[in-house]
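Take a look at the structure below.
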Amino acid sequence: MDLRSKVLIIGGTGYLGKRLVKASLEQGHETYVLRRPEIGVDIEKIQMLLGFKKQGAKLVIGSFNDHRSLVEAVKQVDVVICAVSGVHIRSHQILIQLKLVDAIKEAGNIKRFLPSEFGTDPARMADAMEPGRVTFDDKMVVRKAIQEAGIPFTYVSANCFAGYMVGGLCQPGHILPSRESVILFGDGNKKSIFVNEDDIATYTIKTIDDPRTLNKTVYIRPPANILSQREIVELWEKLIGKELEKSSLSKQEFLNIMKDQGYAEQVGLTHYYHVFYDGCLTNFEIGDDAEEACALYPDIEYTKVEDYFKQYL
């Protein structure tokens with residue numbers, strides 16, 4: 001008898017969502033993916049969904065604009081994972097999850113809900129700057145609704161996505177590493193944490209049937225990937241056998257640049273500020289009310305930053 005939970009993934013065609021579908025299937029879960037009528041004639045998303053179906057996933061129709069359809073979708077599974085975008089440069093949809101909370105509450109059968117988190121832990125960002133704090137505030141609104149509804153949960157804090165951060169040597173607006181120069185945040189020595197997006201998905205799926213992660217935050221902190229921006233740059237320099245020309249941006253210079261940007265860019269840059277000037281990802285110890293994924297699942301071989309860089313050579 002297979003005791004693995006049936007999983008519904010919402011936002012399954014997105015940047016992280018598609019990886020969650022793949023990881024769920026690989027770990028042997030009966031996997032459902034919400035097909036939202038709103039995607040219309042977005043042929044790439046349709047083909048991706050058909051690809052999931054070919055790999056064994058079940059497509060279930062449901063819309064955030066149709067409460068009954070969400071309830072019916074949720075009733076078919078044990079666990080719901082939502083991966084709608086919380087990034088302003090894409091589409092910021094965090095609060096749409098309140099409709100999902102209502103559906104889960106009505107359905108009454110869900111053993112675990114993982115809302116769209118996957119970045120900085122919003123519970124630790126009460127002092128975040130405007131306008132970037134909107135991301136954390138919205139996530140806390142969703143958490144409050146989940147907990148008030150009595151829905152069992154796991155919150156995954158995955159820190160920095162490697163694709164966005166490692167590739168561009170932590171520089172906003174860059175996703176490929178330069179072989180010439182780099183701008184450091186201050187002295188470049190604040191520690192951050194970098195996780196390959198495929199690994200984020202693998203660890204996330206691991207948590208869903210684990211009693212140790214029930215009603216807790218799970219931080220993904222791969223020990224070899226707790227690095228400063230300067231250390232990231234040095235790993236790249238070692239690989240290409242060349243030293244990059246370095247310049248530095250003070251806190252004030254960064255803030256001056258930020259205030260000339262559009263709203264969506266300012267939101268993103270606020271997050272860079274807290275990560276690379278404040279060190280918000282590493283300036284606390286994980287308490288007894290939370291878990292660390294690499295310690296829970298030592299059998300998972302995560303991608304080290306130095307190996308992640310090799311694709312760019």
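The values are calculated or read from the model by the stated rules, or taken from the named source; none is laboratory data. Since we're looking at a predicted model, the values are computed, not measured. No Cβ is skipped: glycine too gets one built from the backbone with ideal geometry, and neighbour counts run over all protein chains shown. To get the accessible areas, we keep the full protein, side chains included, count just its heavy atoms, and leave off ligands, DNA and RNA. Shrake-Rupley method; radii C 1.70, N 1.55, O 1.52, S 1.80 Å.
Within segment 202-213, restricting attention to residues that are in contact with a helix residue (DSSP H, G or I) (Cβ under 9 Å, 6 or more places away or on another chain) and not in a helix (DSSP H, G or I), the residue that is nearest to residue 144 (Cα to Cα) is 208. Would you confirm, using the coordinates I've provided, whether residue 199 is in contact with a helix residue (DSSP H, G or I) (Cβ under 9 Å, 6 or more places away or on another chain), open to solvent by less than 20 Å² (accessible area, probe 1.4 Å) and either β-branched (Val, Ile, Thr) or assigned to a helix (DSSP H, G or I) (or both)? Considered against the rule, which asks whether it is in contact with a helix residue (DSSP H, G or I) (Cβ under 9 Å, 6 or more places away or on another chain), open to solvent by less than 20 Å² (accessible area, probe 1.4 Å) and either β-branched (Val, Ile, Thr) or assigned to a helix (DSSP H, G or I) (or both), residue 199 comes out as yes.
Conditions tested, residue by residue: (1) among the hydrophobic types (A, V, I, L, M, F, W, C); (2) in a strand (DSSP E or B); (3) in contact (Cβ under 8 Å) with a residue 60 or more places away in the chain; (4) touching a Leu at 6+ places or on another chain (Cβ under 9 Å).
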{"position": "96", "(1), (2), (3), (4)": "yes, no, no, no"}
{"position": "99", "(1), (2), (3), (4)": "no, no, no, yes"}
{"position": "102", "(1), (2), (3), (4)": "no, no, no, yes"}
{"position": "105", "(1), (2), (3), (4)": "no, no, no, no"}
{"position": "109", "(1), (2), (3), (4)": "no, no, no, no"}
{"position": "118", "(1), (2), (3), (4)": "yes, no, yes, yes"}
{"position": "123", "(1), (2), (3), (4)": "yes, no, yes, no"}
{"position": "127", "(1), (2), (3), (4)": "no, no, no, no"}
{"position": "130", "(1), (2), (3), (4)": "no, no, yes, no"}
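What pairs can you find where one residue is in segment 7-27 and of a type in the set (Lys, Arg), the other is in a helix (DSSP H, G or I) and open to solvent by less than 10 Å² (accessible area, probe 1.4 Å), and their Cβ atoms are less than 6 Å apart, with a gap of 6+ or different chains? From residues that are of a type in the set (Lys, Arg), the pairs are 19/197; 19/201. Pairing each residue of segment 176-197 that is farther than 14 Å from residue 244 by Cα with any residue that is among the aromatic types (Phe, Trp, Tyr) and part of a strand (DSSP E or B), provided the two are 6+ apart or on different chains, yields C-beta distances under 9 Å for 193/219; 194/161; 195/161; 196/161; 197/161.
Under the condition of being open to solvent by less than 10 Å² (accessible area, probe 1.4 Å) and either more than 13 Å from residue 84 (Cβ to Cβ) or in contact with a Lys or Arg (Cβ under 9 Å, 6 or more places away or on another chain) (or both), the residues counted in segment 18-36 number 5.
Of the residues making up segment 28-41, those that are without any contact (Cβ under 8 Å) to a residue 60 or more places away in the chain and not polar (S, T, N, Q) are 28, 30, 32, 33, 34, 35, 36, 37, 38, 39, 40, 41.
Could you grab me the full set of residues in segment 156-193 that are polar (S, T, N, Q), assigned to a loop (DSSP other than H, G, I, E, B) and closer than 30 Å to residue 114 by Cα? Scanning segment 156-193 gives 159, 171.
Looking only at residues of segment 283-312 that are charged (D, E, K, R), open to solvent by 50 Å² or more (accessible area, probe 1.4 Å) and not in a loop (DSSP other than H, G, I, E, B), we find that the one that is nearest to residue 190 (Cα to Cα) is 306. When segment 37-68 is examined, which residues are found to be under 19 Å from residue 96 (Cα atoms) and buried (at least 22 other Cβ atoms within 10 Å of the Cβ)? Scanning segment 37-68 gives a single hit, 62. Across segment 234-254, the qualifying residues are those that are part of a helix (DSSP H, G or I) and open to solvent by less than 70 Å² (accessible area, probe 1.4 Å), and the one among them that is nearest to residue 185 (Cα to Cα) is 254.
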